[in-house]
Structures are given as C-alpha cells and as structure tokens.
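Q: First the structure, then my questions, so here it is.
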Amino acid sequence: MSTEETVELNDETGISGPADTDQAFEIPFKNPVKPVQYTLDDRIQFNCHKGIACFNKCCKSIEIQLTPYDILRLKKHFDLTSKEFVARYTMPFEMDAHSMPGLRLVHKPGTTECVFLTEEGCSVYADRPTVCRYYALGNMGVRKKDGDKVEDVYFLVKEDHCLGHYEPKTQTVRDYLHEQGADQYDEFNKDWRDIIIKKRSSGPTIGKPSERSMQLFDMCSYDIDNFREFIQSPSFQSIFDLDEDTTRTLIEKDGELLKFAMRFLKQVLYGETSIPIKTGAREQRLQERHDVLQARKQAEIEKHKNKAAFDDYIAD
C-alpha cells in the first residue's frame, strides 16, 4: 500500500462508516479514525463475531445515517411501505446548510442504542444498514481538486471498546466488503452518494435548491413506493418516453426502480439526460405553465375588480 500519494480533498465528502460524517476528518488528539488510506486490494486485520468480549458494544451508541437502499431493504424486511418505515424507525436531519434532507435510525427510547439491538445481536442482521456492514471500515467518496471523478478512499475506525482489531484474521478490503455484503449496497448507493457530493461541491455555482427539487430528492431517496406511483402519473408519462416493458420492470422490481430514481434525480437536478423525453413535451409543458400563470393573473384581476365594485357599493 502506498501512503505517500496525496489526495487533495475538497470540503465536501460523502462518508460511509460509524464515524460522524461531519467530524471524521477533523482529527482531534484522540480520534477513532486511523489516518491511513486503504485501497480495495490492501489487507486489513479485523474480525467481529459473537464470541468476542466486546460483542454488541458498537451498537449501544450509534448515529446511523440511512441510505436509500438501506430503507428499501429494511422496509421489505418488516413488510412496510417506505412511508411507514420512515415514520416508525427514522428521524430527519439536515445534511447541509441548504436543508438537504437526511434520515437517521432512531434509538431505543431513552438510550443511544440501536432500535434493532437485542441480547443476541442485530435483529435485522440480514438487512442491516450500509454503515453496519462497513464497520470497522469507513469509506469516503472524494474528488481530487479540479477533477470530475469521484474516487473511493477507505480507512479504519479504531474505537477503544472494539477488540476486533486484535483478532488474527486478515483479508483485503475488497474481500471484507464482499463478505459483509457491502459491495452490493455500494452498487445501489453509489449514484445517490455522487448526487450529494456534486451538490455540495458545486456550492454557489448551483445555488440554493428550490423547494420542489428538495421534495423530489426526498421522494426518490426515501419514499420509493411514492416514486413508483409518480412514474405512473399522467404528468410523468406525458413528458418521459418509456416503453411498456421498461415501465413494467420498474413497477415490479424495487432495485431497478431505485436505480431509475437516481437517474431521474441527476436529470432534473443537473441536466444529465439519460431518460428520453417525448417529442414536443417540453414545449407543451411550458405552454401549460404559461396558461396556468395567465389564468392566475386573470383571477387576481377579477378579484380586485369585484372588491372595488363591492367597495363602491358600500360607499354609496
């Protein structure tokens, strides 16, 4: 592993891992992040299992940010709609100064423990979130200065209570992620992470997002069932040119629908067109908006005319 290469980080990064995403690279005197970068082919020493003395300790003080694929897996685990899962098991927070919506997993009442923790361990282990699969690895999506490509940087998180670092098992980062099923989660989360990094790193060049764009981000990220209804709506179908087979696949397969939701977000937020638009749809939409605005203006004019007439009647 080369430790000499310098990666220039901008101020905005996307991080997966147990460390607080806003604090992970503000290195104080005692920080659980080991400041060594790893590639997928570097070897790490770590192992967690039920027989280890610290078992469950990492789950007793958590701040777990959920990704769209986390929510998809967990809502299916409980046989809930995405809206029901979010209402029952998450708390909202703002990911940046522009109120970009994020979700965190709730704690057990009156504690900092994971709501899914039991004496036997994780009660949703097969569908546990991305952060849990990574531990004790962290991951940052970064862009080199003046670069466009988002690259992955891996690092170890060493907390005092964790004895997994002293277990004799070693393997590559790649093998560890595959063993934990994190590589599959990364496949579904990558586009979402890139959307966040691009929004943050663009800063003033994009400006404050509109309320509508934040609503679309929220729906595409955390309410996949509502997005399924959205793509079947007349307004969506009047603009986007999807064939019947594609639409059927999106309706039936949550994973494909989530990937499509990220394509949709990139298109509406950044103009990265990958979903075909029907011929004349833009012009028709603009005309419809113009007609609505004109109707509103005329209604206001009539309202003021009627008020003036009423005032004249009272005065007489």
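Q: If we keep just the residues of the range 93-146 that are part of a strand (DSSP E or B) and charged (D, E, K, R), which is nearest to Tyr38 (Cα to Cα)?
A: Of the range 93-146, the ones part of a strand (DSSP E or B) are 93-94, 101-105, 107, 114, 117-118, 121-122, 137-143.
Among the residues that remain, those that are also charged (D, E, K, R) are: 94, 104, 143.
Numbers: Glu94: 30, Arg104: 27, Arg143: 16 Å.
Within the range 93-146, the match that is nearest to Tyr38 (Cα to Cα) is Arg143.
Q: Of the residues Gly181, Gly203, which single one is over 13 Å from the mean Cα position of the chain (by Cα) and either at pLDDT below 85 or among the β-branched types (Val, Ile, Thr) (or both)? Reasoning before the result, please.
A: Numbers: Gly181 fails: either at pLDDT below 85 or among the β-branched types (Val, Ile, Thr) (or both).
Result of the check over Gly181, Gly203: Gly203.
Q: Now for a separate question. Being aliphatic (A, V, I, L, M) and more than 16 Å from Val131 (Cα to Cα) is the filter here, so list the residues in the range 157-198 that pass it.
A: Residues satisfying the conditions are Leu163, Ile195, Ile196, Ile197.
Q: OK, next. Quick check on my filter: what residues within the range 230-277 are outside any helix (DSSP H, G or I), surrounded by 13 or more Cβ atoms within 10 Å (Cβ to Cβ) and without any contact (Cβ under 8 Å) to a residue 24 or more places away in the chain?
A: Glu272
Residue-by-condition table, conditions (1) of a type in the set (A, V, I, L, M); (2) out of contact with any Asp or Glu (no Cβ under 7 Å at 6 or more places or on another chain):
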residue: Glu187; (1), (2): no, yes
residue: Lys190; (1), (2): no, yes
residue: Ile231; (1), (2): yes, yes
residue: Leu242; (1), (2): yes, yes
residue: Thr249; (1), (2): no, no
residue: Leu257; (1), (2): yes, yes
residue: Phe260; (1), (2): no, yes
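Q: Which one is farthest from Tyr185 (Cα to Cα) among residues in the range 93-148 that are among the aromatic types (Phe, Trp, Tyr) and buried (at least 20 other Cβ atoms within 10 Å of the Cβ)?
A: The first filter runs over the range 93-148 and keeps only residues among the aromatic types (Phe, Trp, Tyr), leaving 93, 116, 125, 134-135.
Narrowing further to those that are buried (at least 20 other Cβ atoms within 10 Å of the Cβ): 116, 134-135.
Details: Phe116: 19, Tyr134: 10, Tyr135: 14 Å.
Step by step, filter the range 93-148, then rank; the result is Phe116.
Q: Just wondering, is there one or more residues in the range 112-133 that are in contact with a Gly (Cβ under 6 Å, 6 or more places away or on another chain) and aromatic (Phe, Trp, Tyr)?
A: no
Q: Same structure, new question: Within the range 42-55, is even one residue modelled with pLDDT of 95 or more, of a type outside the set (Gly, Ala, Ser) and under 15 Å from the mean Cα position of the chain (by Cα)?
A: no
The values are calculated or read from the model by the stated rules, or taken from the named source; none is laboratory data. Computed from a predicted structure; not experimentally measured. So basically every Cβ, Gly included, is an ideal-geometry build from the backbone, and we count neighbours across all protein chains shown.
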